[in-house]
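Student: Please see the structure below; I have some questions.
The values are calculated or read from the model by the stated rules, or taken from the named source; none is laboratory data. Just so it is clear, the structure is predicted and the values come from calculations on it, not from any experiment. Cβ sites come from the backbone with ideal geometry, for glycine too, and all protein chains shown count toward neighbours. We work out accessible area using only protein heavy atoms, side chains counted, and drop any ligands, DNA or RNA first. Shrake-Rupley method; radii C 1.70, N 1.55, O 1.52, S 1.80 Å.
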Amino acid sequence: MSEQQSQSSGDIDTVMVETRLFPPSPEFSQAARIKSLEEYQELYDTAAKDPEAFWAAEAREHLHWFEPFTQTLQWETPDAQWFLGGKTNASYNCLDAQIAAGRGDRTALLWEGEPGDSLKLTFNELHREVCRFANVLKRLGIVPGDVVSIYMPMTPELAIAMLACARVGAVHSVIFAGFSAEAIADRNNDAGVKLQITSDGLYRRGKVLPLKATVDEALAKSQTVEKCIVLRRAGNEVAMQEGRDLWWHDLIAQESDDCPATPLDSEAPLFILYTSGSTGTPKGIRHSTAGYNLFAKRTFQWVFDHQEDDIYWCTADCGWITGHSYVVYGPLSAGATILMYEGAPNYPAEDRFWEIIEKYKVSILYTAPTAIRAFIKWGDEHVDKHDLSSLRVLGSVGEGINPEAWMWYYNKIGGGRCPIVDTWWQTETGGIMMSPLPGAIATKPGSCTKPLPGVVPKIIGEDGQEVARGRGGMLCIDHPWPGMLRGIWGDPERFQEQYWSKVPGMYLTGDNARQDSDGYYWIMGRIDDVINVSGHRLSTIEVESALVSHPAVAEAAVVAKPDEIKGQAIAAFVTLRVAEPTEELRKELLMHVRKEIGALAQPDAIRFTNSLPKTRSGKIMRRLLRDIASGKAQTGDTSTLEDYSVLASLRGDEE
Ligand code: 6R9
């Protein structure tokens with residue numbers, strides 16, 4: 001029996017071998033919050049031994065409490081309640097608590113607009129702005145529990161609006177400012193939104209996109225929305241509807257900068273964030289106040305090794321969970337200086353990110369594989385123009401990072417000096433679940449390494465049992481954690497069905513993973529994306545990484561297509577760096593995959609394309625490619641697709 005044959009039915013084969021290991025430098029480890037593998041292990045074991053005692057101590061030390069909690073956890077699958085009886089406020093933890101700790105005059109927020117304008121706010125100043133806007137919300141009759149929809153560009157006011165909602169107990173629903181009117185209306189109606197916040201327009205690659213016009217269209221179909229606040233950002237003309245629409249600047253002009261934070265129950269919902277399902281309508285993922293805030297804060301400190309003088313830049317938009325947990329709530333409640341950038345990474349030129357890092361002396365950068373692959377494609381010359389020596393930690397999130405992209409990030413951006421934290425987590429988990437701790441855990445390109453303290457991953461086979469070490473299976477989480485989702489807005493059945501039914505008692509992540517002989521975890525892609533070739537179940541990421549390791553390839557996506565003999569065959573979609581798509585290159589790539597990971601994983605077909613269909617947050621949408629590869633009509637939700645023309649051109653090519 002070959003090594004690649006399944007040992008028990010339903011497991012997933014691995015075809016990738018990655019042996020490179022990158023320990024942190026002794027200087028890095030010495031200065032780090034968590035300095036060694038032993039120290040990590042000790043913390044992990046303490047949490048594992050008595051999770052409730054661990055999180056209770058964390059919560060007491062790291063959140064401000066108006067009233068202390070009396071019960072740490074109440075858990076009845078799938079409903080978790082943390083820190084019962086306690087009262088806190090996330091906006092207080094991000095602002096007032098920092099000022100009380102003497103950080104009032106430190107920079108909380110650095111902002112760079114796409115046209116080059118900029119702004120700096122200290123914790124005192126940010127506090128003042130949030131209070132004024134919180135008073136606006138109160139004046140408009142917003143009370144705890146009301147839902148406020150935010151559809152804005154990455155301006156300081158977006159963070160201010162979120163924090164103001166949190167301050168008065170309103171539940172925000174941030175909708176990425178690239179979604180259509182239809183998508184906004186669907187989300188607003190599902191959540192019963194009372195107030196909409198938007199801006200006149202949004203700068204994107206030098207052009208102004210008319211956000212308010214899109215909102216007008218959405219509000220015509222959002223029956224529950226009573227008022228709409230409009231920020232003047234791009235100066236484009238907008239139609240203001242009498243009695244409904246109000247200018248941000250008019251409203252704050254009359255408000256005081258004193259607005260005490262409302263003490264809220266630990267379990268009061270902090271926000272809803274919609275995430276697309278592969279089938280059906282988007283789900284409103286609901287997060288709590290105390291548990292979420294604690295988890296975002298502590299995971300931020302652990303994973304990025306945050307130190308007082310760091311300048312931290314997470315490039316995610318606040319329309320995604322990464323922007324919630326690691327632009328706003330995590331870093332600010334840890335007293336960090338955050339940088340926000342409004343625009344595109346290639347405007348006015350492909351070196352914009354590197355220019356920003358040099359200008360602000362960014363020390364921690366957190367971005368996504370889709371961006372890294374684009375930078376590689378654009379060429380090293382854009383990076384070489386800038387001094388990136390301020391960087392000390394690099395992060396990645398959103399998709400698996402192909403080992404060759406990891407190596408480029410490590411050497412070209414990090415100068416071979418900065419640990420890379422490949423962070424695995426989900427909208428549903430609230431914060432990072434698995435990641436290297438940069439001073440403690442040696443990294444391997446493509447692995448998210450180990451679980452954070454308090455996180456108990458299990459890899460389960462189709463038979464419901466844990467798989468053998470080295471085998472792939474469904475990634476589940478075994479014990480509740482404070483940052484976990486509290487439900488799907490208005491749909492408890494779907495919550496139970498989607499996350500808690502397949503493997504009883506455990507949270508089903510929807511991803512596959514394996515653990516290697518060092519105990520490191522490797523995410524193997526979505527459960528739905530597994531390809532079954534002659535009874536061998538293969539993960540998408542491994543085949544894709546083999547393709548991306550060829551110098552001509554920029555990006556690759558592989559999917560299953562029906563095959564009479566093998567059951568399924570592999571179809572690959574490939575974008576190139578600079579090379580021309582020739583028949584020879586196609587053959588060369590097939591041979592390359594065969595050489596890297598074996599004949600079994602060799603694609604049957606390679607399609608060259610200019611771009612891959614992605615979500616607006618940059619994830620490759622394999623299920624759309626699967627439909628194309630098998631010649632099927634499109635099924636499922638496509639509202640998150642970034643660029644419909646990509647799909648049209650792929651379909652066109654097919655005919
Ligand atoms: C934070 C975020 C979650 C899904 C997740 C997985 C994929 C995220 C990853 C990763 C491999 C990583 N994913 N981080 N896969 N390695 N480091 O992205 O949340 O938008 O809800 O997506 O993204 O498939 O299940 P969300």
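Student: Taking a spot 7 Å from the Cα of residue 50 along the direction of its beta carbon, which residues of region 414-455 have an amide N less than 17 Å from it?
Tutor: Answer for region 414-455: 454.
Student: Another question, if that's okay. Take the alpha carbon gyration tensor of region 529-652, find the square roots of its eigenvalues, order them as a ≥ b ≥ c, and report rounded if a/c is under 1.5; if not, report prolate when a/b exceeds b/c, else oblate. Before the final figure, lay out each step's value.
Tutor: Numbers: a/c = 1.74, a/b = 1.18, b/c = 1.48.
The shape class here is oblate.
Student: Same structure again: Tell me, what HN-Hα J-couplings in whole Hz come from the Karplus equation 6.51 cos²θ - 1.76 cosθ + 1.60 at θ = phi - 60° for each residue of region 305-321, using x for Gly and Pro?
Tutor: So the Karplus estimates, Gly and Pro as x, are 6, 4, 10, 3, 8, 5, 10, 10, 10, 9, 7, 5, 7, 5, x, 10, 4 Hz.
Student: Amide H of residue 621: which non-local residues (sequence gap of 5 or more, or other chain) have their own amide H closer than 5 Å, using H built in the peptide plane?
Tutor: 614, 615
Student: Further question on the same structure: Tell me which lysines have Cα within less than 20 Å of residue 385's Cα, excluding those fewer than 8 residues away on the same chain?
Tutor: 359, 361, 377, 412
Student: Right, something else. Using θ = phi - 60° and the Karplus relation 6.51 cos²θ - 1.76 cosθ + 1.60, list the HN-Hα couplings for region 28-34 in order, rounded to whole Hz, with x at every Gly or Pro.
Tutor: In residue order, the calculated couplings are 4, 4, 4, 8, 7, 5, 10 Hz.
Student: Please turn the phi angles of region 402-411 into ³J(HN,Hα) values with the Karplus equation 6.51 cos²θ - 1.76 cosθ + 1.60 (θ = phi - 60°), one per residue in order, whole Hz, x for glycine and proline.
Tutor: With coefficients 6.51, -1.76 and 1.60, one gets 5, x, 5, 5, 4, 4, 5, 4, 5, 7 Hz.
Student: Placing +1 on the Cβ of each Lys and Arg and -1 on the Cβ of each Asp and Glu in region 26-513, which of 163, 475, 178 has its Cα farthest towards the positive end of the resulting dipole?
Tutor: So the residue furthest toward the plus end is 178.
Student: When the Cα centres of region 57-118 and region 443-502 are compared, how far apart do they sit, in Å?
Tutor: After rounding, the separation between the Cα centres reads 25 Å.
Student: I would also like to ask the following. Quote the charge dipole size of region 529-652 about the Cα centre in Debye, to the nearest 20; the model charges only the Cβ of Lys and Arg (+1) and of Asp and Glu (-1).
Tutor: Details: 17 positive and 16 negative charges, 43 e Å.
Here the size comes out at about 200 debye.
Student: A further question on this structure: If R₀ is 35 angstrom, what is the calculated FRET efficiency for the pair residue 226 and residue 528, using the beta carbon separation as r and rounding to 0.05? Don't jump to the answer; show the numbers that get you there.
Tutor: Details: r = 40 Å, r/R0 = 1.14.
After rounding, the FRET efficiency stands at 0.30.
Student: Treating only the Cβ atoms of Lys and Arg (+1) and Asp and Glu (-1) as charged, compute the dipole magnitude of region 363-419 about its Cα centre; round to the nearest 20 debye.
Tutor: Using Cβ point charges on Lys, Arg, Asp and Glu, region 363-419 gives about 120 debye.
Student: Are there cysteines in the chain with no second cysteine's Cβ under 4.7 Å away, and if so, which?
Tutor: 94, 165, 228, 314, 318, 418, 448, 476
Student: Going toward the positive end of the dipole of the chain, with +1 on Lys and Arg Cβ and -1 on Asp and Glu Cβ, which of 371, 421, 406 do you reach last?
Tutor: 371
Student: Per residue of the chain, what 222 nm ellipticity follows from adding -39500 (n - 2.57) for every DSSP H run with n ≥ 4, rounded to the nearest 500?
Tutor: -8500 deg cm²/dmol
Student: Which is farthest toward the positive dipole end of the chain among 430, 219, 339, measuring Cα position about the Cα centre, with Cβ charges +1 (Lys, Arg) and -1 (Asp, Glu)?
Tutor: 219
Student: Helix by helix, which DSSP H runs in the chain go 30 Å or more along their axis at the Cα atoms and have an average Kyte-Doolittle hydropathy of 1.6 or more? Present the calculation step by step, with values, prior to reporting the outcome.
Tutor: On the way: long enough: none.
None clear 30 Å together with a mean of 1.6.
Student: Let me ask you something else. Averaged per residue, what accessible surface does region 529-652 expose to a 1.4 Å probe, in Å²? Can you show the working numbers first?
Tutor: On the way: 5160 Å² over 124 residues.
Value for region 529-652: 42 Å² per residue.
Student: In addition: In debye, nearest 20, what is the charge dipole magnitude of region 26-513 about its Cα centre with +1 on Lys and Arg Cβ and -1 on Asp and Glu Cβ, if you could check? Kindly include the intermediate steps, with their values, before the conclusion.
Tutor: On the way: 45 positive and 63 negative charges, 40 e Å.
Dipole about the Cα centre, nearest 20: 180 debye.
Student: Determine the per residue accessible area of region 26-513 with all protein chains present and a 1.4 angstrom probe, expressed in square angstrom. Please report the intermediate quantities before stating the final value.
Tutor: On the way: 16350 Å² over 488 residues.
Per residue, region 26-513 has 33 Å² of solvent-accessible surface.
Student: Please report the Cα spread of the chain along all three principal axes, rounded to whole Å, starting with the longest.
Tutor: 73, 56, 52
Student: Taking residue 283 as the anchor, which lysines have their alpha carbon closer than 24 Å to its alpha carbon, excluding any fewer than eight residues away along the same chain?
Tutor: Correct list for residue 283: 194, 221, 502, 614, 619.
Student: What is the percent carbon and sulfur in the accessible area of the chain, measuring with a 1.4 Å probe over the protein chains and ignoring ligands? Write down the numbers at each step before the final one.
Tutor: Numbers: 11550 of 24110 Å².
C and S atoms contribute 48 percent here.
Student: In whole angstrom, how long is each semi-axis of the equivalent ellipsoid of region 335-438, when you take the square root of 5 times every eigenvalue of its Cα gyration tensor and sort them from largest down? Each step should come with its number before you reach the end.
Tutor: Working: eigenvalues 90, 50, 41 Å².
Those come to 21, 16, 14 Å.
Student: Between rounded, prolate and oblate, where does region 407-530 land on the alpha carbon gyration tensor, with a ≥ b ≥ c its root eigenvalues, rounded for a/c under 1.5, else prolate if a/b exceeds b/c?
Tutor: On the way: a/c = 2.20, a/b = 1.61, b/c = 1.37.
Verdict is prolate for region 407-530.
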